[in-house]
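Take a look at the structure below.
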Amino acid sequence: MVDHGAAAPMRVALVCPYSLSRPGGVQGQVLGLARSLTGRGHRVTVYAPTDGPVETPERVDLVISGTSVSLPGNGSIAPVSISPLATRRAFTHLRAGAFDVVHVHEPFAPGLTYALLSVRRLPPVVGTFHRSGGSVLYRVLSPVARWMAGHMAVRCAVSEAAASTASKALGGSYDVLFNGIEVDRFDGVSPWPARGSTVLFLGRHEERKGLAVLLEAWRLMTSRLSDSADASARPVLWVAGDGPETDGLRRRYPDSESVRWLGVLGEEEKIRRLVAADVLVAPSLGGESFGMVLLEAMAARTVVVASDIDGYRDAAGGRAVLVPPLDASALATSLRGVFDGTVAVERSDGVGYGEVDGAGDGRRRWLELGADRAATWSMASLAERYEECYRSVMVGDRS
């Protein structure tokens, strides 16, 4: 147990608008933060929709705020609950919970968050904004949204991009924190069995995530490899997740010796495949406020190849190979360069780390630096920051 000093433990409600039965960045942050806060001695209850059995962290209570429906938003599909009855039940439970603070993630996603921001007589509400880019909800709700945002004691954002999006729509000031990585979950993990070199895609199969671009790049890369002497040793692409583009893309790029469609992964398998993969590819086209998956790959000591977009560039910090979004040819060239050692690893300040050589010191050094970077974004550090935030707004601070 982490020593949390003389400060008294808190009762914290974490509100997630998205179904915990679906993998997602916000859901992962809520569960990871719950795990870390509990480890620091606090009592945590998570409020979220679910669509089936959910494995919650040990000693964390879960209150289900409905089942989800899929609504479009920010170029993606959000699994949110819009049931008034389920919202009322969860809201009643929360009001009776004697919480010291209520922490709402993505405050203007539909569901329980609306009820929390539309009434007074609640514990202090901390809001964390994850979204970047335009938002139909902000436009539809304004100026009501600005009034509701005024009920938050503190507004946080996971990145400068997310803070900018929220500020333009709602006004106000934002504490820019970060998304946390549970780095210890990658230590001592048994890699998923793999034959030869592997490349992993993790994400929803929708246009914004760029899977179609990656698959075309993979076709270009493997067609070149087929003419080479070592064609029998071509790498394998693991495609995890699902979404609206899955069926169409699987028809165009069916299962083969070089492409494996995995479906949605459980958390344990996801971690083991990240540890096993030689490369993690994140080919998103835009709309990413923070490159969470990049940092997870770094924590797993996996090479990262990603689109050169704001959220990913900031997260990578020079520890990833960045390529122009939507450019399948450039992505294929970069992937091939990673495997044959011709892509140089270079920091944002121009200081080189050496080549990405499969057996060379350059690659090992780069991966070490990537792991060090991931450690600076640890969930443990984020939990400390939020703990300070909670205590700053608590009524009758007991520290």
Within the range 177-193, how many residues turn out to be under 17 Å from Leu367 (Cβ atoms) and in a loop (DSSP other than H, G, I, E, B)? 4
Tell me which residues, restricted to the range 3-51, are out of contact with any Phe, Trp or Tyr (no Cβ under 8 Å at 6 or more places or on another chain), of a type in the set (Lys, Arg) and part of a strand (DSSP E or B). Arg43
For the condition crowded, with 24+ Cβ neighbours inside 10 Å and over 15 Å from the mean Cα position of the chain (by Cα), what is the one hit in Arg301, Arg319? Arg319
Please indicate, with yes or no, whether at least one residue in the range 255-266 is outside any helix (DSSP H, G or I) and polar (S, T, N, Q). yes
Quick check on the range 168-177. Is at least one of its residues out of contact with any helix residue (DSSP H, G or I) (no Cβ under 8 Å at 6 or more places or on another chain), of a type in the set (Lys, Arg) and modelled with pLDDT under 95? yes
Among the candidates His105, His93, single out the residue that is out of contact with any Lys or Arg (no Cβ under 8 Å at 6 or more places or on another chain), farther than 20 Å from Gly243 by Cβ and surrounded by 22 or more Cβ atoms within 10 Å (Cβ to Cβ). His105
Would you say Ala194 is surrounded by fewer than 21 Cβ atoms within 10 Å (Cβ to Cβ) and of a type in the set (A, V, I, L, M)? yes
Can you confirm whether the range 55-69 contains a residue that is crowded, with 24+ Cβ neighbours inside 10 Å, outside the structural domain of Leu202 (by TED's automatic domain parsing) and out of contact with any Pro (no Cβ under 8 Å at 6 or more places or on another chain)? no
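The values are calculated or read from the model by the stated rules, or taken from the named source; none is laboratory data. Bear in mind the structure is a predicted one, so any value in this text is a computation, not a measurement. For neighbour counting, all protein chains shown are included, and Cβ atoms are generated from backbone atoms with ideal geometry for every residue, glycine included.
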